[in-house]
Amino acid sequence: MSSSVEAITVLSSDGDEFKITVSAAKLSKPLNWMLEDVCFSDDCDEVPTIEVNSKTLVKVIEYCEKHAPRANSGASDSDAEELKKWDIEFMKMDVKDILFHILMAANYLHMEGLYDLACQTAADLMKGMTVSQIRKIFHIKNDFSSEEQEQLRRQHPGCSFD
Amino acid sequence: MKKFHGSLDLDNLFNVLSRVPTNNLLHFKCISEEWYYIISNNRSFIKVHLENTESTLSGFIFQEKFICSNEDIKKISYMNNTSLERHHDNQDTRSNATIHHEMFSFLPQDVVVLSSCNGLVCCRSCSVFSSPTKTTLYICNPTNKQWLSLGCLDYSKHESIVLTFDPYKDPIDNSTKFHLVRLKKVEIEKENEREEDQDEDGVELSHYFTFELYSSTTKLWKKSDEICYYDGSIKKQGIYIGNVLYWLTDADQILTFDLENQLSLVISTPIPSEEFKAIQEACIGEWKGILCYLVITEHGLHVWHLEDYYEAKWELKFWKSLEDIERENPKFFLNLKNHVLRRVASHQNLWMDPLSFKDGVLLMKVFVHVYFYDIGKNLMVKACNIQDLSTNSLPCPIVLPYSLSLVPL
(Lines give C-alpha, C1' and ligand atoms only; values in the text may rest on other atoms or scores of the structure.)
Protein backbone atom coordinates (compact mmCIF):
# COMPACT_ATOMS: atom_id res chain seq x y z
CA MET A 1 0.00 0.00 0.00
CA SER A 2 1.35 3.41 -0.87
CA SER A 3 2.11 5.45 2.20
CA SER A 4 1.69 8.68 0.32
CA VAL A 5 -2.10 8.29 0.39
CA GLU A 6 -3.34 10.09 3.50
CA ALA A 7 -6.97 10.54 2.69
CA ILE A 8 -9.48 9.00 0.36
CA THR A 9 -12.60 10.40 -1.19
CA VAL A 10 -15.92 8.63 -0.87
CA LEU A 11 -19.42 9.39 -2.11
CA SER A 12 -22.47 9.37 0.10
CA SER A 13 -25.73 7.80 -1.08
CA ASP A 14 -26.87 11.36 -1.91
CA GLY A 15 -23.86 11.73 -4.25
CA ASP A 16 -21.87 14.19 -2.10
CA GLU A 17 -18.10 13.80 -1.86
CA PHE A 18 -16.41 13.31 1.50
CA LYS A 19 -12.78 13.04 2.49
CA ILE A 20 -11.75 10.57 5.13
CA THR A 21 -8.21 10.01 6.37
CA VAL A 22 -6.70 6.58 5.96
CA SER A 23 -6.23 6.08 9.68
CA ALA A 24 -9.88 7.01 10.35
CA ALA A 25 -11.15 4.72 7.60
CA LYS A 26 -9.37 1.82 9.29
CA LEU A 27 -12.01 1.86 12.00
CA SER A 28 -14.40 0.27 9.56
CA LYS A 29 -13.68 -3.08 7.92
CA PRO A 30 -15.57 -2.39 4.68
CA LEU A 31 -13.90 1.04 4.38
CA ASN A 32 -10.54 -0.57 4.99
CA TRP A 33 -11.14 -3.07 2.21
CA MET A 34 -12.26 -0.28 -0.04
CA LEU A 35 -9.08 1.58 0.81
CA GLU A 36 -6.89 -1.34 -0.22
CA ASP A 37 -8.83 -1.77 -3.44
CA VAL A 38 -8.45 1.90 -4.32
CA CYS A 39 -4.75 1.93 -3.67
CA PHE A 40 -3.92 -1.23 -5.49
CA SER A 41 -6.07 -0.68 -8.56
CA ASP A 42 -4.64 1.11 -11.53
CA ASP A 43 -7.76 3.12 -12.01
CA CYS A 44 -7.67 5.48 -9.05
CA ASP A 45 -10.20 7.88 -10.46
CA GLU A 46 -13.15 5.80 -9.40
CA VAL A 47 -14.73 7.19 -6.22
CA PRO A 48 -16.39 4.52 -4.07
CA THR A 49 -19.94 5.06 -2.88
CA ILE A 50 -20.99 4.40 0.68
CA GLU A 51 -24.67 3.66 1.11
CA VAL A 52 -25.11 6.17 3.90
CA ASN A 53 -26.76 9.57 3.46
CA SER A 54 -24.69 12.77 3.68
CA LYS A 55 -26.06 13.96 7.00
CA THR A 56 -25.20 10.64 8.65
CA LEU A 57 -21.87 10.23 6.92
CA VAL A 58 -20.63 13.60 8.22
CA LYS A 59 -21.23 12.37 11.77
CA VAL A 60 -19.73 8.93 11.15
CA ILE A 61 -16.57 10.50 9.71
CA GLU A 62 -16.40 12.93 12.63
CA TYR A 63 -16.50 9.95 15.02
CA CYS A 64 -13.83 8.06 13.04
CA GLU A 65 -11.45 11.01 12.94
CA LYS A 66 -11.82 11.54 16.70
CA HIS A 67 -11.33 7.88 17.58
CA ALA A 68 -8.66 7.03 15.01
CA PRO A 69 -5.57 8.21 16.96
CA ARG A 70 -6.59 6.18 20.00
CA ALA A 71 -7.59 3.09 18.00
CA ASN A 72 -4.30 3.10 16.09
CA SER A 73 -1.84 3.80 18.86
CA GLY A 74 -3.57 2.98 22.12
CA ALA A 75 -4.15 5.70 24.69
CA SER A 76 -3.69 6.62 28.30
CA ASP A 77 -6.52 6.51 30.83
CA SER A 78 -6.93 10.28 30.75
CA ASP A 79 -7.39 10.14 26.98
CA ALA A 80 -9.97 7.41 27.41
CA GLU A 81 -11.78 9.57 29.99
CA GLU A 82 -11.71 12.55 27.63
CA LEU A 83 -12.96 10.39 24.77
CA LYS A 84 -15.83 9.12 26.89
CA LYS A 85 -16.92 12.69 27.58
CA TRP A 86 -16.63 13.51 23.91
CA ASP A 87 -18.80 10.48 23.04
CA ILE A 88 -21.53 11.68 25.40
CA GLU A 89 -21.53 15.13 23.79
CA PHE A 90 -21.37 13.59 20.31
CA MET A 91 -24.43 11.45 21.00
CA LYS A 92 -26.63 14.38 21.97
CA MET A 93 -28.86 14.22 18.92
CA ASP A 94 -32.40 13.58 17.80
CA VAL A 95 -33.31 9.90 18.00
CA LYS A 96 -35.43 9.52 14.94
CA ASP A 97 -33.75 12.11 12.81
CA ILE A 98 -30.17 10.97 13.10
CA LEU A 99 -29.37 8.52 15.93
CA PHE A 100 -31.09 5.54 14.26
CA HIS A 101 -29.34 6.38 10.98
CA ILE A 102 -25.96 6.41 12.71
CA LEU A 103 -26.80 3.15 14.44
CA MET A 104 -27.62 1.46 11.15
CA ALA A 105 -24.60 3.02 9.40
CA ALA A 106 -22.32 1.73 12.17
CA ASN A 107 -23.82 -1.72 11.74
CA TYR A 108 -23.37 -1.57 7.96
CA LEU A 109 -19.78 -0.30 8.29
CA HIS A 110 -18.91 -2.89 10.97
CA MET A 111 -17.91 -0.24 13.50
CA GLU A 112 -18.32 -1.99 16.82
CA GLY A 113 -17.48 0.96 19.07
CA LEU A 114 -19.89 3.36 17.40
CA TYR A 115 -22.58 0.69 17.16
CA ASP A 116 -22.44 -0.10 20.88
CA LEU A 117 -22.45 3.59 21.70
CA ALA A 118 -25.47 4.27 19.46
CA CYS A 119 -27.42 1.24 20.80
CA GLN A 120 -26.73 2.22 24.41
CA THR A 121 -27.71 5.84 23.75
CA ALA A 122 -30.96 4.75 22.09
CA ALA A 123 -31.68 2.35 24.98
CA ASP A 124 -31.04 5.07 27.56
CA LEU A 125 -33.39 7.44 25.74
CA MET A 126 -36.11 4.77 25.52
CA LYS A 127 -35.99 4.20 29.27
CA GLY A 128 -37.71 7.51 29.86
CA MET A 129 -40.36 7.17 27.16
CA THR A 130 -44.02 6.23 27.38
CA VAL A 131 -45.52 3.49 25.25
CA SER A 132 -47.14 6.01 22.90
CA GLN A 133 -43.90 7.97 22.46
CA ILE A 134 -42.12 4.76 21.49
CA ARG A 135 -44.87 3.84 19.02
CA LYS A 136 -44.54 7.25 17.40
CA ILE A 137 -40.77 7.06 17.04
CA PHE A 138 -40.77 3.52 15.69
CA HIS A 139 -43.89 4.04 13.53
CA ILE A 140 -45.66 1.15 15.23
CA LYS A 141 -49.40 0.64 15.37
CA ASN A 142 -51.01 -0.88 18.44
CA ASP A 143 -51.99 -4.21 16.86
CA PHE A 144 -53.41 -5.88 19.95
CA SER A 145 -57.09 -6.80 19.82
CA SER A 146 -59.17 -5.44 22.67
CA GLU A 147 -59.35 -8.95 24.18
CA GLU A 148 -55.56 -9.24 24.11
CA GLN A 149 -55.22 -5.83 25.71
CA GLU A 150 -57.61 -6.89 28.45
CA GLN A 151 -55.60 -10.07 29.04
CA LEU A 152 -52.32 -8.16 29.14
CA ARG A 153 -53.79 -5.70 31.62
CA ARG A 154 -54.81 -8.57 33.88
CA GLN A 155 -51.35 -10.16 33.66
CA HIS A 156 -49.45 -6.95 34.16
CA PRO A 157 -51.52 -4.60 36.29
CA GLY A 158 -49.02 -1.76 35.85
CA CYS A 159 -49.25 -1.99 32.06
CA SER A 160 -50.29 1.05 30.08
CA PHE A 161 -51.26 1.01 26.42
CA ASP A 162 -50.69 4.70 25.93
CA MET B 1 -28.08 -1.93 3.11
CA LYS B 2 -31.67 -1.96 4.28
CA LYS B 3 -33.76 1.09 3.52
CA PHE B 4 -34.40 3.51 6.34
CA HIS B 5 -38.01 3.85 7.42
CA GLY B 6 -37.41 6.27 10.23
CA SER B 7 -37.36 3.23 12.48
CA LEU B 8 -35.12 0.24 12.96
CA ASP B 9 -35.14 -3.17 11.34
CA LEU B 10 -35.58 -6.17 13.62
CA ASP B 11 -31.86 -6.96 14.11
CA ASN B 12 -31.01 -3.46 15.20
CA LEU B 13 -34.16 -3.14 17.30
CA PHE B 14 -33.16 -6.38 19.03
CA ASN B 15 -29.74 -4.91 19.89
CA VAL B 16 -31.20 -1.67 21.24
CA LEU B 17 -33.87 -3.40 23.33
CA SER B 18 -31.30 -5.77 24.79
CA ARG B 19 -29.75 -2.74 26.51
CA VAL B 20 -32.95 -1.42 28.10
CA PRO B 21 -33.23 -2.29 31.82
CA THR B 22 -35.81 -4.95 32.70
CA ASN B 23 -38.25 -2.72 34.58
CA ASN B 24 -38.58 -0.38 31.58
CA LEU B 25 -38.66 -3.22 29.10
CA LEU B 26 -41.65 -4.81 30.83
CA HIS B 27 -43.79 -1.78 29.92
CA PHE B 28 -42.74 -2.14 26.29
CA LYS B 29 -44.57 -5.46 26.07
CA CYS B 30 -47.70 -3.40 25.40
CA ILE B 31 -46.29 -1.71 22.31
CA SER B 32 -47.19 -4.31 19.71
CA GLU B 33 -47.46 -8.06 19.19
CA GLU B 34 -43.96 -8.19 17.70
CA TRP B 35 -42.43 -6.41 20.69
CA TYR B 36 -44.44 -8.57 23.07
CA TYR B 37 -43.03 -11.65 21.40
CA ILE B 38 -39.43 -10.41 21.50
CA ILE B 39 -39.63 -9.48 25.19
CA SER B 40 -41.71 -12.37 26.51
CA ASN B 41 -40.86 -15.55 24.74
CA ASN B 42 -37.63 -15.21 22.89
CA ARG B 43 -34.85 -17.08 24.69
CA SER B 44 -32.10 -15.78 22.41
CA PHE B 45 -33.21 -12.20 23.07
CA ILE B 46 -33.41 -12.77 26.84
CA LYS B 47 -29.93 -14.28 26.79
CA VAL B 48 -28.46 -11.25 24.99
CA HIS B 49 -30.41 -8.96 27.33
CA LEU B 50 -28.81 -10.68 30.34
CA GLU B 51 -25.37 -10.12 28.81
CA ASN B 52 -25.97 -6.47 27.98
CA THR B 53 -27.69 -5.26 31.14
CA GLU B 54 -26.62 -5.43 34.71
CA SER B 55 -28.88 -7.36 37.03
CA THR B 56 -29.96 -4.83 39.63
CA LEU B 57 -31.85 -5.10 42.85
CA SER B 58 -35.56 -4.36 42.36
CA GLY B 59 -36.84 -4.79 45.90
CA PHE B 60 -37.29 -7.14 48.84
CA ILE B 61 -39.77 -9.93 49.59
CA PHE B 62 -40.91 -10.07 53.22
CA GLN B 63 -42.71 -12.88 55.02
CA GLU B 64 -43.00 -13.55 58.72
CA LYS B 65 -42.63 -16.91 60.37
CA PHE B 66 -43.61 -18.23 63.78
CA ILE B 67 -40.74 -19.60 65.80
CA CYS B 68 -42.79 -21.92 68.00
CA SER B 69 -46.13 -22.43 66.29
CA ASN B 70 -46.43 -25.07 63.59
CA GLU B 71 -48.46 -22.86 61.33
CA ASP B 72 -47.20 -20.88 58.36
CA ILE B 73 -48.00 -17.22 57.90
CA LYS B 74 -49.47 -16.74 54.43
CA LYS B 75 -49.03 -13.01 54.02
CA ILE B 76 -46.18 -12.07 51.67
CA SER B 77 -45.23 -8.46 51.02
CA TYR B 78 -43.05 -7.10 48.28
CA MET B 79 -41.58 -3.63 48.44
CA ASN B 80 -39.79 -2.25 45.40
CA ASN B 81 -36.89 0.11 45.83
CA THR B 82 -37.93 2.58 43.12
CA SER B 83 -38.28 5.22 45.84
CA LEU B 84 -34.47 5.15 46.07
CA GLU B 85 -34.21 5.93 42.35
CA ARG B 86 -36.90 8.60 42.52
CA HIS B 87 -35.02 10.18 45.37
CA HIS B 88 -31.85 10.09 43.32
CA ASP B 89 -33.60 11.84 40.43
CA ASN B 90 -34.72 14.55 42.85
CA GLN B 91 -38.33 13.64 42.46
CA ASP B 92 -40.93 13.08 45.14
CA THR B 93 -39.10 11.81 48.20
CA ARG B 94 -41.72 11.57 50.85
CA SER B 95 -43.89 8.83 49.39
CA ASN B 96 -43.15 5.37 50.70
CA ALA B 97 -42.49 2.30 48.60
CA THR B 98 -45.53 0.63 47.10
CA ILE B 99 -46.22 -2.59 48.93
CA HIS B 100 -47.60 -5.50 46.92
CA HIS B 101 -49.25 -8.44 48.61
CA GLU B 102 -50.28 -10.37 45.49
CA MET B 103 -46.82 -11.20 44.17
CA PHE B 104 -47.29 -14.98 44.34
CA SER B 105 -51.06 -15.13 43.72
CA PHE B 106 -50.42 -16.77 40.33
CA LEU B 107 -49.27 -19.95 42.08
CA PRO B 108 -51.90 -22.65 42.73
CA GLN B 109 -51.36 -22.57 46.51
CA ASP B 110 -50.36 -20.25 49.31
CA VAL B 111 -46.60 -20.48 49.73
CA VAL B 112 -43.69 -19.71 51.98
CA VAL B 113 -40.74 -18.15 50.16
CA LEU B 114 -37.44 -19.98 50.65
CA SER B 115 -34.84 -18.52 48.36
CA SER B 116 -34.37 -15.98 45.57
CA CYS B 117 -31.63 -15.98 42.96
CA ASN B 118 -31.21 -13.88 39.79
CA GLY B 119 -34.95 -13.33 39.35
CA LEU B 120 -36.19 -16.82 40.19
CA VAL B 121 -37.81 -17.65 43.52
CA CYS B 122 -38.11 -21.01 45.25
CA CYS B 123 -41.19 -21.48 47.49
CA ARG B 124 -42.94 -24.30 49.27
CA SER B 125 -46.64 -24.78 49.88
CA CYS B 126 -48.02 -23.62 53.23
CA SER B 127 -48.98 -26.27 55.71
CA VAL B 128 -49.43 -27.07 59.37
CA PHE B 129 -46.29 -28.75 60.55
CA SER B 130 -46.15 -32.13 62.17
CA SER B 131 -42.54 -32.64 61.38
CA PRO B 132 -41.71 -33.78 58.73
CA THR B 133 -44.58 -32.65 56.54
CA LYS B 134 -45.40 -33.19 52.90
CA THR B 135 -44.98 -29.96 51.05
CA THR B 136 -44.83 -29.01 47.38
CA LEU B 137 -41.82 -27.12 46.06
CA TYR B 138 -42.22 -24.47 43.38
CA ILE B 139 -39.75 -22.55 41.27
CA CYS B 140 -41.25 -19.43 39.77
CA ASN B 141 -40.50 -16.15 38.10
CA PRO B 142 -42.92 -13.59 39.60
CA THR B 143 -42.11 -11.11 36.80
CA ASN B 144 -43.56 -13.24 33.99
CA LYS B 145 -45.67 -15.38 36.34
CA GLN B 146 -44.24 -18.66 35.08
CA TRP B 147 -43.78 -21.54 37.49
CA LEU B 148 -42.76 -25.17 37.84
CA SER B 149 -43.75 -27.65 40.49
CA LEU B 150 -40.94 -29.91 41.67
CA GLY B 151 -43.35 -32.27 43.39
CA CYS B 152 -43.80 -33.20 47.00
CA LEU B 153 -41.14 -33.68 49.59
CA ASP B 154 -40.92 -34.30 53.32
CA TYR B 155 -39.93 -31.00 54.79
CA SER B 156 -39.11 -30.19 58.36
CA LYS B 157 -38.84 -26.76 59.87
CA HIS B 158 -35.14 -27.16 60.68
CA GLU B 159 -33.92 -27.21 57.17
CA SER B 160 -33.02 -24.68 54.55
CA ILE B 161 -33.37 -24.83 50.79
CA VAL B 162 -31.31 -22.48 48.66
CA LEU B 163 -31.88 -21.89 44.96
CA THR B 164 -28.82 -21.51 42.78
CA PHE B 165 -29.41 -20.08 39.34
CA ASP B 166 -26.65 -18.50 37.31
CA PRO B 167 -27.78 -17.49 33.79
CA TYR B 168 -24.28 -16.19 33.04
CA LYS B 169 -22.64 -19.54 33.68
CA ASP B 170 -25.48 -21.72 32.39
CA PRO B 171 -26.82 -19.83 29.36
CA ILE B 172 -30.58 -20.00 28.99
CA ASP B 173 -30.62 -20.67 25.20
CA ASN B 174 -32.57 -23.88 25.33
CA SER B 175 -33.65 -24.37 28.90
CA THR B 176 -33.33 -22.68 32.25
CA LYS B 177 -30.98 -24.70 34.42
CA PHE B 178 -31.02 -24.31 38.17
CA HIS B 179 -30.03 -26.25 41.25
CA LEU B 180 -31.33 -26.47 44.78
CA VAL B 181 -29.25 -27.20 47.83
CA ARG B 182 -31.05 -28.59 50.82
CA LEU B 183 -29.35 -28.24 54.17
CA LYS B 184 -30.72 -30.67 56.74
CA LYS B 185 -30.07 -30.71 60.44
CA VAL B 186 -29.90 -34.29 61.69
CA GLU B 187 -30.29 -34.92 65.41
CA ILE B 188 -27.88 -37.46 66.87
CA GLU B 189 -29.63 -40.06 68.95
CA LYS B 190 -27.80 -40.36 72.23
CA GLU B 191 -27.96 -44.17 72.57
CA ASN B 192 -26.18 -44.62 69.26
CA GLU B 193 -23.44 -42.27 70.23
CA ARG B 194 -20.19 -42.93 68.47
CA GLU B 195 -16.84 -41.26 68.50
CA GLU B 196 -17.35 -39.44 65.26
CA ASP B 197 -20.26 -37.59 66.81
CA GLN B 198 -17.78 -35.47 68.63
CA ASP B 199 -16.03 -32.51 67.18
CA GLU B 200 -12.25 -32.03 67.07
CA ASP B 201 -12.06 -31.07 70.74
CA GLY B 202 -14.04 -34.11 71.79
CA VAL B 203 -17.12 -32.04 72.60
CA GLU B 204 -20.35 -33.94 72.23
CA LEU B 205 -22.53 -32.71 69.41
CA SER B 206 -26.30 -32.93 69.37
CA HIS B 207 -26.64 -32.71 65.61
CA TYR B 208 -24.87 -32.49 62.29
CA PHE B 209 -25.76 -31.16 58.83
CA THR B 210 -26.19 -32.96 55.53
CA PHE B 211 -26.48 -31.58 52.02
CA GLU B 212 -28.80 -32.71 49.23
CA LEU B 213 -28.64 -31.36 45.71
CA TYR B 214 -31.36 -31.10 43.11
CA SER B 215 -30.60 -30.53 39.45
CA SER B 216 -33.23 -29.24 37.01
CA THR B 217 -31.55 -31.31 34.29
CA THR B 218 -31.88 -34.70 35.98
CA LYS B 219 -34.95 -33.70 38.03
CA LEU B 220 -33.50 -35.73 40.91
CA TRP B 221 -32.27 -35.12 44.42
CA LYS B 222 -28.85 -36.50 45.20
CA LYS B 223 -27.30 -36.70 48.63
CA SER B 224 -23.81 -35.28 48.95
CA ASP B 225 -21.18 -37.33 50.80
CA GLU B 226 -20.26 -34.26 52.77
CA ILE B 227 -21.37 -34.09 56.39
CA CYS B 228 -20.79 -31.06 58.53
CA TYR B 229 -20.39 -31.68 62.26
CA TYR B 230 -21.41 -28.34 63.63
CA ASP B 231 -23.32 -27.46 66.75
CA GLY B 232 -24.86 -24.13 65.69
CA SER B 233 -28.27 -23.51 64.19
CA ILE B 234 -29.13 -21.76 60.96
CA LYS B 235 -30.55 -18.33 61.68
CA LYS B 236 -31.51 -16.87 58.30
CA GLN B 237 -32.00 -17.94 54.69
CA GLY B 238 -28.87 -19.06 52.92
CA ILE B 239 -27.46 -17.14 49.98
CA TYR B 240 -25.56 -18.19 46.88
CA ILE B 241 -22.55 -16.29 45.56
CA GLY B 242 -20.18 -17.56 42.88
CA ASN B 243 -20.62 -21.29 43.44
CA VAL B 244 -20.61 -21.13 47.25
CA LEU B 245 -23.59 -21.16 49.62
CA TYR B 246 -23.54 -19.28 52.90
CA TRP B 247 -25.76 -19.60 55.95
CA LEU B 248 -25.48 -17.30 58.95
CA THR B 249 -25.72 -19.26 62.18
CA ASP B 250 -26.76 -18.24 65.68
CA ALA B 251 -23.19 -18.67 66.94
CA ASP B 252 -21.54 -15.76 65.07
CA GLN B 253 -20.40 -18.12 62.38
CA ILE B 254 -21.17 -18.80 58.75
CA LEU B 255 -21.70 -22.30 57.46
CA THR B 256 -20.59 -22.60 53.85
CA PHE B 257 -20.90 -25.21 51.15
CA ASP B 258 -18.84 -25.17 47.98
CA LEU B 259 -20.91 -26.60 45.11
CA GLU B 260 -17.92 -27.53 43.00
CA ASN B 261 -16.00 -29.77 45.38
CA GLN B 262 -19.01 -30.34 47.65
CA LEU B 263 -17.14 -29.45 50.79
CA SER B 264 -18.46 -27.52 53.74
CA LEU B 265 -16.64 -25.12 56.01
CA VAL B 266 -17.53 -23.09 59.07
CA ILE B 267 -16.03 -19.61 59.11
CA SER B 268 -16.14 -17.11 61.92
CA THR B 269 -17.73 -13.71 61.46
CA PRO B 270 -15.33 -10.77 61.85
CA ILE B 271 -16.27 -9.75 65.39
CA PRO B 272 -17.80 -11.81 68.17
CA SER B 273 -20.95 -10.25 69.62
CA GLU B 274 -19.69 -10.33 73.22
CA GLU B 275 -17.55 -7.36 72.26
CA PHE B 276 -20.56 -5.11 72.35
CA LYS B 277 -23.02 -3.96 74.95
CA ALA B 278 -26.05 -3.79 72.73
CA ILE B 279 -27.20 -7.15 71.55
CA GLN B 280 -26.58 -6.68 67.89
CA GLU B 281 -28.21 -8.18 64.89
CA ALA B 282 -26.42 -9.06 61.71
CA CYS B 283 -27.19 -10.19 58.18
CA ILE B 284 -25.19 -11.40 55.23
CA GLY B 285 -25.58 -10.36 51.62
CA GLU B 286 -23.88 -10.01 48.28
CA TRP B 287 -22.17 -6.93 46.87
CA LYS B 288 -20.33 -7.17 43.53
CA GLY B 289 -19.96 -10.91 43.84
CA ILE B 290 -18.46 -10.74 47.33
CA LEU B 291 -19.98 -11.95 50.60
CA CYS B 292 -20.71 -9.11 53.01
CA TYR B 293 -21.37 -9.29 56.73
CA LEU B 294 -23.39 -6.37 58.09
CA VAL B 295 -23.75 -5.72 61.75
CA ILE B 296 -25.27 -2.88 63.76
CA THR B 297 -23.78 -2.27 67.20
CA GLU B 298 -23.62 0.72 69.53
CA HIS B 299 -20.56 1.75 67.51
CA GLY B 300 -22.49 2.01 64.29
CA LEU B 301 -23.11 0.14 61.07
CA HIS B 302 -20.25 -2.06 59.91
CA VAL B 303 -19.96 -3.72 56.51
CA TRP B 304 -17.28 -6.37 56.21
CA HIS B 305 -16.13 -8.04 52.99
CA LEU B 306 -14.97 -11.63 52.95
CA GLU B 307 -11.58 -11.25 51.30
CA ASP B 308 -10.35 -14.79 51.64
CA TYR B 309 -12.72 -17.69 51.95
CA TYR B 310 -10.31 -20.36 53.18
CA GLU B 311 -8.57 -18.17 55.72
CA ALA B 312 -11.80 -16.42 56.76
CA LYS B 313 -10.09 -13.10 56.20
CA TRP B 314 -12.46 -10.13 56.52
CA GLU B 315 -11.92 -6.51 55.65
CA LEU B 316 -13.98 -3.63 56.98
CA LYS B 317 -15.25 -1.85 53.85
CA PHE B 318 -17.69 0.58 55.38
CA TRP B 319 -18.41 1.97 58.79
CA LYS B 320 -20.70 4.74 59.95
CA SER B 321 -21.40 5.72 63.54
CA LEU B 322 -24.97 5.90 64.81
CA GLU B 323 -24.40 9.58 65.58
CA ASP B 324 -23.51 10.26 61.94
CA ILE B 325 -26.46 8.25 60.65
CA GLU B 326 -28.70 10.31 62.93
CA ARG B 327 -27.11 13.63 61.98
CA GLU B 328 -27.48 12.95 58.27
CA ASN B 329 -31.10 11.86 58.59
CA PRO B 330 -32.62 14.11 61.25
CA LYS B 331 -36.17 13.61 59.98
CA PHE B 332 -35.94 9.86 60.57
CA PHE B 333 -33.87 9.26 63.68
CA LEU B 334 -33.47 10.59 67.20
CA ASN B 335 -31.37 9.21 70.04
CA LEU B 336 -30.34 6.22 67.99
CA LYS B 337 -27.41 5.25 70.14
CA ASN B 338 -29.36 5.33 73.40
CA HIS B 339 -32.12 3.25 71.88
CA VAL B 340 -29.70 0.71 70.48
CA LEU B 341 -28.00 0.42 73.86
CA ARG B 342 -31.25 0.14 75.77
CA ARG B 343 -33.15 -1.83 73.11
CA VAL B 344 -36.92 -1.74 73.02
CA ALA B 345 -38.87 -2.71 76.10
CA SER B 346 -39.89 -5.89 74.34
CA HIS B 347 -37.52 -8.78 74.85
CA GLN B 348 -37.42 -9.86 71.27
CA ASN B 349 -37.34 -6.91 68.92
CA LEU B 350 -34.23 -4.93 68.26
CA TRP B 351 -34.26 -1.19 67.79
CA MET B 352 -32.19 -1.40 64.62
CA ASP B 353 -32.37 -4.64 62.71
CA PRO B 354 -30.56 -5.20 59.38
CA LEU B 355 -33.09 -7.34 57.52
CA SER B 356 -31.41 -7.97 54.19
CA PHE B 357 -28.61 -6.63 52.05
CA LYS B 358 -27.90 -6.78 48.32
CA ASP B 359 -25.96 -4.69 45.78
CA GLY B 360 -25.11 -2.01 48.32
CA VAL B 361 -28.69 -1.56 49.51
CA LEU B 362 -29.55 -2.44 53.09
CA LEU B 363 -33.13 -3.01 54.17
CA MET B 364 -33.33 -2.28 57.87
CA LYS B 365 -35.98 -1.99 60.52
CA VAL B 366 -35.60 0.85 63.00
CA PHE B 367 -38.22 0.76 65.77
CA VAL B 368 -41.49 0.44 63.79
CA HIS B 369 -40.24 1.76 60.46
CA VAL B 370 -38.49 0.09 57.56
CA TYR B 371 -35.81 1.92 55.55
CA PHE B 372 -33.77 1.39 52.43
CA TYR B 373 -30.20 2.52 52.93
CA ASP B 374 -28.12 2.79 49.78
CA ILE B 375 -24.65 2.62 51.27
CA GLY B 376 -22.78 3.53 48.09
CA LYS B 377 -24.84 6.69 47.56
CA ASN B 378 -25.26 7.33 51.31
CA LEU B 379 -29.00 7.68 50.80
CA MET B 380 -31.66 6.78 53.36
CA VAL B 381 -35.27 6.44 52.21
CA LYS B 382 -38.20 5.26 54.28
CA ALA B 383 -39.80 2.17 52.76
CA CYS B 384 -42.85 1.73 54.98
CA ASN B 385 -44.08 1.10 58.50
CA ILE B 386 -43.62 -2.39 59.84
CA GLN B 387 -47.43 -2.71 60.16
CA ASP B 388 -47.66 -2.52 56.37
CA LEU B 389 -45.69 -5.76 56.18
CA SER B 390 -46.49 -7.67 59.29
CA THR B 391 -49.44 -8.31 61.48
CA ASN B 392 -47.55 -10.08 64.21
CA SER B 393 -44.33 -8.10 64.62
CA LEU B 394 -42.30 -11.25 64.97
CA PRO B 395 -38.52 -11.31 65.10
CA CYS B 396 -36.49 -12.94 62.34
CA PRO B 397 -38.79 -12.61 59.33
CA ILE B 398 -37.84 -14.14 55.98
CA VAL B 399 -36.49 -11.32 53.82
CA LEU B 400 -35.20 -12.00 50.31
CA PRO B 401 -33.68 -9.56 47.84
CA TYR B 402 -35.36 -9.73 44.45
CA SER B 403 -34.43 -8.63 40.92
CA LEU B 404 -36.93 -8.43 38.06
CA SER B 405 -36.02 -10.88 35.33
CA LEU B 406 -37.32 -11.94 31.93
CA VAL B 407 -35.95 -15.47 32.32
CA PRO B 408 -38.48 -18.04 31.11
CA LEU B 409 -39.07 -21.33 32.92
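I want to check the label-to-label distance for A:Arg70 and B:Arg86. Put each point 7 Å from Cα in the C-beta direction and report it in nm to one decimal.
It works out to 3.8 nm between the two label points.
Just to verify a number: FRET efficiency for B:Ser393 and B:Glu298, C-beta to C-beta distance, R0 = 22 Å, to 0.05?
0.40
Rounded to the nearest 0.05, what FRET efficiency do B:Asp225 and B:Asn385 give with R0 = 56 Å and r taken as the Cβ-Cβ distance? Could you check?
So, using R0 = 56 Å, E works out to roughly 0.70.
Given H placed 1.01 Å from N in the peptide plane, which residues other than close sequence neighbours of B:Ser233 have an amide H under 5 Å from its amide H?
Result for B:Ser233 returns B:Asp250, B:Ala251.
Quick one: what are the phi-derived ³J(HN,Hα) couplings along region A:135-151, Karplus 6.51/-1.76/1.60 with θ = phi - 60°, whole Hz, x for glycine and proline?
With the stated coefficients, region A:135-151 comes to 4, 5, 5, 8, 6, 10, 9, 6, 9, 7, 6, 5, 5, 5, 4, 4, 5 Hz.
What FRET efficiency comes out for A:Ala80 versus A:Lys26 if R0 is 22 angstrom and r is the Cβ-Cβ distance? Round to the nearest 0.05.
The pair A:Ala80/A:Lys26 has a calculated efficiency of 0.70.
Per the helix-only calculation at 222 nm, which mean residue ellipticity applies to chain B, given -39500 (n - 2.57) for every DSSP H run of n ≥ 4 and division by its residues, nearest 500 deg cm²/dmol? Kindly include the intermediate steps, with their values, before the conclusion.
Working: 8 runs with 58 residues, N = 409.
Mean residue ellipticity, 222 nm, calculated: -3500 deg cm²/dmol.
As a test question: what accessible area, to the nearest 10 Å², does B:Ile267 have when a 1.4 Å probe is rolled over all protein chains in place?
10 Å²
Chymotrypsin sites (Phe, Trp or Tyr not before Pro), restricted to region B:282-363: which are DSSP loop and have at most 14 other Cβ atoms within 10 Å? Don't skip to the end; give the middle numbers.
Working: sites: B:Trp287, B:Tyr293, B:Trp304, B:Tyr309, B:Tyr310, B:Trp314, B:Phe318, B:Trp319, B:Phe332, B:Phe333, B:Trp351, B:Phe357; in loops: B:Tyr309, B:Tyr310, B:Phe332, B:Phe333, B:Trp351.
Hits after loop and neighbour filter: B:Tyr310.
To the nearest 10 square angstrom, how much accessible area does B:His100 have with a 1.4 angstrom probe?
80 Å²
Under the Karplus relation 6.51 cos²θ - 1.76 cosθ + 1.60, θ = phi - 60°, what is the ordered set of whole-Hz ³J(HN,Hα) values for region B:96-105, x standing for Gly and Pro?
Along region B:96-105, the couplings run 7, 5, 7, 9, 10, 10, 9, 4, 10, 5 Hz.
Using label points projected 7 Å from each Cα along Cα→Cβ, tell me how many nm separate A:Ile140 and B:Asn378, to one decimal.
Label-label distance for A:Ile140 and B:Asn378, simple model: 4.2 nm.
Using a 1.4 Å probe on the protein chains only, how many percent of the accessible area of the protein assembly as shown belongs to carbon and sulfur?
Reported share for carbon and sulfur atoms: 48 percent.
Largest first, what is the accessible-area ranking of B:Glu326, A:Glu112 with a 1.4 Å probe?
Largest accessible area first, the list is A:Glu112, B:Glu326.
Show B:Ser321, B:Ser393 ordered by accessible area, largest first, where the area counts protein heavy atoms only and the probe is 1.4 Å.
On the way: B:Ser321 15, B:Ser393 60 Å².
Most to least solvent-accessible, the answer reads B:Ser393, B:Ser321.
The values are calculated or read from the model by the stated rules, or taken from the named source; none is laboratory data. Owing to the predicted nature of the structure, the values given are computational and were not obtained by experimental measurement. Here the Cβ is made from the backbone with ideal geometry for all residues, glycine too, and neighbour counts use every protein chain on show. Each accessible area value is taken on the protein alone, full model and side chains, heavy atoms only, with ligands, DNA and RNA left out. Shrake-Rupley method; radii C 1.70, N 1.55, O 1.52, S 1.80 Å.
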